[in-house]
Each structure stands twice: as C-alpha cells, then as structure tokens.
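Read the structure below first, then the notes.
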Amino acid sequence: MSNLPKVSIIIACRSIDRDTSKCIEECLSLDYTDIEVLVLPDRIESFDKERVIIIPTGPVKPSIKRNLGMKKADGDIFAFIDSDAYPRKDWLKKAVHYCITSRDVGAVTGPNITPPEDNFWQKVGGDILNSYVGLGKFSRRYQITKGDFETTDIMSCNFIFPRNTAEKLNGFDETLLTGEDYKLGLEIMALGKKMIYSPEVCVYHHRRPVFLPHLKQMWNYGRDKGILMRKFFSIDKLVYFLPTAFIAWILGGLPIAFLENSAIRTLYIISLSGYMTAVLVSSLSIDDKKRSAYVFCGICLTHIVYGIAFVKGLIVPKSAGHQSLNKNNDHGA
C-alpha cells in the first residue's frame, strides 16, 4: 500500500456525536492505511486518535466545511463521507484505482445503503429510497447494483476525487444547502472528465426516519434541485420535473375528473389507478411486510413534497431559505 497516494477523508459535522464517532472509527479501520481523517465540527472538540485532525468551523453549511477541509488536507485524493454514514472496509480500494489509472476519471462514487442496525422508521425511509417507483433510476444510489458505469449525478456522502481535479474547480457551491454535490459533478464533467459509479465503493448511510425528518430532507432536495435547474437545465434533465408534473396533473385534473362523459376523466382515473397500483406493488415487494403501509404512504408523500419544493426552487430567489443557520443544515444525502 506504500506506493498508493495518500487519501484525505473529509467529514463535515455539527458535533462529534455517536454517529460521527462511528464514522471516524470505521475510516481508521479501512484496509487502506495511508489516510488522514479531517473532521469539521461547529465547535472545538477532541478525538484522541492518530491521523484524526479536528477543524472547528462555527455553525456553517456543509459545503463551507468541505471546502475548508480541502484547503487543509494533505492528501492527493479527497474522499467525502457524511457524518451519519460509515464506510465499508474496502471503500477506498476501487476508487483510488480509478483515480490513479485513468486521467479521464474526475470522480468516483458508489452506493450508500441502509445499515442493518437502523430502526424500523429509518428502514422505512430506506425502503422509499430503494424503490424504483419512489425514485426512478436514482434508486440505484441506495442499492448494490451489478457492474461499474458512468454517472452524471454524484452524492457528497460518497464522493471521491483527485486533488488535481479539485484544483481546476472552485469547490462546492457555498450558497446551497443541498445539491452542491450535484453542481460540482456537472463542473467535473464540463472539464471533460468522467464520473464512475462502482458498487464496490460502498458506504452505509443512516436514514432519516419517516415521516417528518424524511420529508424535510426531500423538501431540501427538491428545492435545491429546482434552483440548479434554472442554470443547468437541458432536455436530459426533464426527469427532475416528473414529480412536479405529476402533482400538477393530480391537482389540475381533479376538477375535470368529475365531469360526466369526459375522456379526460377516464384518462385521469386510469393514470391515477395505475400510479397507486405501482406504489402498492413496490411497497409490498419489501422484505418486511410490516413496513409496507408506511412505505406506500411515504412514496406518495415523497413525490408530493419533492414536487412542490422543486417549484419553489424554480421560482423563488435563491437567497430565500438558504441561510447559514446550523439548525437548517442537512448533512445527510
């Protein structure tokens, strides 16, 4: 391992709580030894282990913490992981291999899966994220898939890229609460670099329990994705508009649905029935059927909340809702 580059693992957090401590310990136990672990809490804290560097930042957004971490890091490769996640033991092996063997690779990512120790309500949140009906093609982020592939969307809970790529960019967008990882990924691709998704680059990520914490996270995702679409819209990104289009159809079609002898009424009823059937089948396909009813409701609510938040992001000025207050920071993905 001595000939491999040094990796700087960067963990943005509010405090070094139980989850963050677990994350640090698992990083130190990786089968890749040449690492340093930079932890960026709000306040001065201590963690008495070698290779761990504590950098207090004050109550600022995760993007600000991550940018500061890169400035302080000594490694040739930056590896980002969320404080409520922890890596699989072989997390860095495949990622580092890509970074050092291909000049075309600008970043590497992989799945963030639900830890087996999560509680019932967290696992419901994980079931929603795992559902193809719930998240479409993006559900593969939360599953162990087969084979490596190029991706256009990368998440900060599992984001690894070389220093020489980072030096060509301006870091994470510090005005965004979430979605800053997606934007940085677009900027990496604009350099002519590929982003690789590998199921071997795996972390375990604690889920937000349903319903309120999960839906708050989905609101943040939808709002910030809407903001980004103002600048980065293209035809291939129409998929991000689907939840909003669905909400518009449901709400707009409801009055028409009660008109007699209306073809639109028939179409509305068929489409709504088809949607509810798809959600039902998805919710019944999970391993623990005790969670099925909650997953069913959670998928529907996720679409509604994300769709409405996306519209807000599209039409409300960026400054609204993007304060640097610690209580609003969203460190999970």
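Among the residues of segment 261-302, write down those that are among the polar types (S, T, N, Q) and open to solvent by 70 Å² or more (accessible area, probe 1.4 Å).
N261, T266, T277, S285
Which condition number in (1) under 28 Å from D224 (Cα atoms); (2) open to solvent by less than 10 Å² (accessible area, probe 1.4 Å); (3) among the aliphatic types (A, V, I, L, M); (4) in contact with a helix residue (DSSP H, G or I) (Cβ under 8 Å, 6 or more places away or on another chain) is the one that V37 fails?
So V37 meets the others, but not (1).
Filter segment 86-110 for residues that are modelled with pLDDT of 95 or more and of a type in the set (D, E) and give the result.
If the condition is that a residue be modelled with pLDDT of 95 or more and of a type in the set (D, E), then D90 is the only one that fits.
Quick one: in segment 52-72, which of the residues that are in a loop (DSSP other than H, G, I, E, B) and either small (G, A, S) or touching a strand residue (DSSP E or B) at 6+ places or on another chain (Cβ under 8 Å) (or both) is farthest from C202 (Cα to Cα)? Spell out the reasoning first.
Our first condition is that a residue be in a loop (DSSP other than H, G, I, E, B); within segment 52-72, this holds for 55-61.
Now restrict to residues that are either small (G, A, S) or touching a strand residue (DSSP E or B) at 6+ places or on another chain (Cβ under 8 Å) (or both): 55-58.
Values: I55: 26, P56: 28, T57: 28, G58: 30 Å.
Across segment 52-72, the extreme among qualifying residues is G58.
Name the pairs whose Cβ atoms lie under 6 Å apart, with the first residue in segment 98-124 and surrounded by fewer than 13 Cβ atoms within 10 Å (Cβ to Cβ), the second not in a helix (DSSP H, G or I), and 6 or more positions between them or separate chains?
Taking only residues 6 or more apart or on different chains, the pairs are D104/K194.
If you check S83 against the conditions, is it modelled with pLDDT under 95, small (G, A, S) and closer than 20 Å to R14 by Cβ?
Spelling it out, it is not the case that S83 is modelled with pLDDT under 95, small (G, A, S) and closer than 20 Å to R14 by Cβ.
Sort out which residues of segment 223-256 are aliphatic (A, V, I, L, M) and either open to solvent by less than 40 Å² (accessible area, probe 1.4 Å) or farther than 18 Å from G134 by Cβ (or both), and write them in order of number.
I227, L228, M229, I235, L238, I247, A248, I250, L251, L254, I256
I'm trying to understand the selection: among the residues of segment 125-159, which are surrounded by fewer than 18 Cβ atoms within 10 Å (Cβ to Cβ), of a type in the set (A, V, I, L, M, F, W, C) and within 27 Å of T277 (Cβ to Cβ)? Give the derivation first.
Looking only at segment 125-159, we keep the residues that are surrounded by fewer than 18 Cβ atoms within 10 Å (Cβ to Cβ), and these are 132, 136-140, 143-150, 152-153.
After this cut, where a residue has to be of a type in the set (A, V, I, L, M, F, W, C) as well, the list is 138, 144, 149.
Passing the criteria: only F138.
Report, ordered by the first and then the second residue, all pairs with beta carbons closer than 7 Å, sequence separation of six or more or different chains, a first member in segment 79-91 that is more than 16 Å from E117 (Cβ to Cβ), and a second member that is of a type in the set (D, E, K, R) and crowded, with 22+ Cβ neighbours inside 10 Å.
Here the result reads F80/R66, each pair linking segment 79-91 to a residue that is of a type in the set (D, E, K, R) and crowded, with 22+ Cβ neighbours inside 10 Å.
What number of residues within segment 153-183 are within 16 Å of K237 (Cβ to Cβ) and outside any loop (DSSP other than H, G, I, E, B)? Full working, then the answer.
From segment 153-183, those within 16 Å of K237 (Cβ to Cβ) are 153-154, 179, 181-183; that's our starting set.
Filter once more, so that each one left must be outside any loop (DSSP other than H, G, I, E, B): 181-183.
Result for segment 153-183: 3.
Whether any residue in segment 193-201 is assigned to a helix (DSSP H, G or I), among the acidic types (D, E) and surrounded by fewer than 22 Cβ atoms within 10 Å (Cβ to Cβ) is what I want to check.
No, because not a single residue in segment 193-201 is assigned to a helix (DSSP H, G or I), among the acidic types (D, E) and surrounded by fewer than 22 Cβ atoms within 10 Å (Cβ to Cβ).
Given the condition surrounded by 19 or more Cβ atoms within 10 Å (Cβ to Cβ), more than 22 Å from the chain's Cα centre (by Cα) and at pLDDT 95 or above, answer yes or no: does some residue in segment 42-54 qualify?
yes
The values are calculated or read from the model by the stated rules, or taken from the named source; none is laboratory data. On a predicted model such as this, the values are computed, not experimentally measured, just so you know. Using ideal geometry, Cβ is built from the backbone for each residue, glycine included, and neighbour counts are taken over all protein chains shown. Calculation scope for accessible area: heavy atoms of the full protein, side chains included, ligands and nucleic acids excluded. Shrake-Rupley method; radii C 1.70, N 1.55, O 1.52, S 1.80 Å.
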